[in-house]
Amino acid sequence: MLINCAAYQDGRKLADIEIDDISLYVAQPECFVWVALKDPGPGELAVMQHEFGLHELAVEDVRNGRQRPKIDEYGDSLFVVLHTVEMDEEGELVAGEVDVFVGPNYVLTVRNGTRQGFREVRARCEREPELLKQGSAFVLYALADHIVDRYFPILEALGTEFEELEDRIFERHNVAASRAIIEDLYSLKRRFVLLQHHVSPLLEAIGKLTGGRIPQACVGMSAYFRDVYDHLERIVKTIDGRREMVVTAVQVNLGMISLAESEVTKRLGSFAALFAVPTMIAGIYGMNFQHIPELAYQYGYPICLGVMLVVDLLLYWRFRRSGWL
């Protein structure tokens, strides 16, 4: 589906144009055409391939979809794959793909499986005609910058969720609650891994535009792409740190479970000791021997009960002092 098709010259928009007129504007040396498609069909891609002279391999990648973030160079044009990441109502991450064809005098963006639009990017570019004079390279920068900036709210939301889980770890709870915390931590780690899967390859790709041999289409824009690279680098480092913290949190939660089980074991052992002493004494005097001297004592029974009580009180005091009860 066609979203936009416009021609620009000298940093300013000339007009919205028809698809059949693209070749007329592309032929003009100081013009460039910006076309935006969403979930296009094979016929639309074929038309764009004919109008812009797109490389067959790049078009095939768009048709197949599910490409990792990358930048491929075909002569004086680039094929760029960017991934969008959104968070649904249940907190799960939903990824989409944006394919960008960049040539000396054209930009073609193809959105697949993403709800995110780029009206803000087009409005920003049109508000900055001095930068838009750079042509298609500035449009590519604005698109990449916009997509990367949208990673930050996702990262912040996941960080907030992790902080809430950290607080839950140190609350007193049962085994079922501890299991739920571990499941939530694992779910969080999985989402961090998923986010990293979409961000890390893009860091490597954008690095191609910041130094060394810069593609011809992006000459003069390396400083701007370096800004995007810095943002990506910060995001990747934050994700790595969060993943390590999640692993540590799982270990801490398991340690808290072990401590809770140890406390239960100590209490059970303490109560067992309190019952063991009277049971031992009662067992001795319950043996069927005829010659047990204490059986003939007039006060043997109350003395025996008193000894049991005193020993249990001493044990109870000792256990309480040690924190076992």
- prompt: Do we find a residue being in the same structural domain as Glu44 (by TED's automatic domain parsing), buried (at least 17 other Cβ atoms within 10 Å of the Cβ), under 18 Å from Ile235 (Cβ atoms) and in contact with a His (Cβ under 8 Å, 6 or more places away or on another chain) anywhere in region 115-124?
  reply: no
message: Condition first: surrounded by 20 or more Cβ atoms within 10 Å (Cβ to Cβ) and touching a Leu at 6+ places or on another chain (Cβ under 6 Å). Can you find one or more residues in region 169-182 that meet it?
response: no
From Ile292, Ile257, Ile214, Ile303, residue being β-branched (Val, Ile, Thr), more than 30 Å from Asp167 (Cβ to Cβ) and modelled with pLDDT under 75: Ile292
- request: Give the residue that is surrounded by the fewest Cβ atoms within 10 Å (Cβ to Cβ), with candidates limited to residues of region 232-252 that are of a type in the set (A, V, I, L, M) and farther than 14 Å from Glu156 by Cα.
  value: Val247
message: Can you tell me which condition Val250 does not meet? The list is (1) assigned to a helix (DSSP H, G or I); (2) over 20 Å from the mean Cα position of the chain (by Cα), and all the others hold.
response: (2)
task: Determine, yes or no, whether Val26 is β-branched (Val, Ile, Thr) and either over 22 Å from Pro215 (Cβ atoms) or modelled with pLDDT under 90 (or both).
output: yes
query: buried (at least 16 other Cβ atoms within 10 Å of the Cβ), farther than 30 Å from Glu130 by Cβ, under 23 Å from the mean Cα position of the chain (by Cα) and without any contact (Cβ under 8 Å) to a residue 60 or more places away in the chain: does that describe Leu203?
result: no
- prompt: Somewhere in region 168-179, is a residue β-branched (Val, Ile, Thr) and outside the structural domain of His50 (by TED's automatic domain parsing)?
  reply: yes
query: Listed residues Ser77, Ser23; which is among the polar types (S, T, N, Q) and crowded, with 20+ Cβ neighbours inside 10 Å?
result: Ser77
message: For region 217-226, which positions are surrounded by 14 or more Cβ atoms within 10 Å (Cβ to Cβ) and either out of contact with any Cys (no Cβ under 8 Å at 6 or more places or on another chain) or at pLDDT below 85 (or both)?
response: Ala217, Cys218, Met221, Ser222, Tyr224, Arg226
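The values are calculated or read from the model by the stated rules, or taken from the named source; none is laboratory data. Since we're looking at a predicted model, the values are computed, not measured. Note that we place each Cβ from the backbone using ideal geometry, even for glycine, and neighbour counts take in every protein chain shown.
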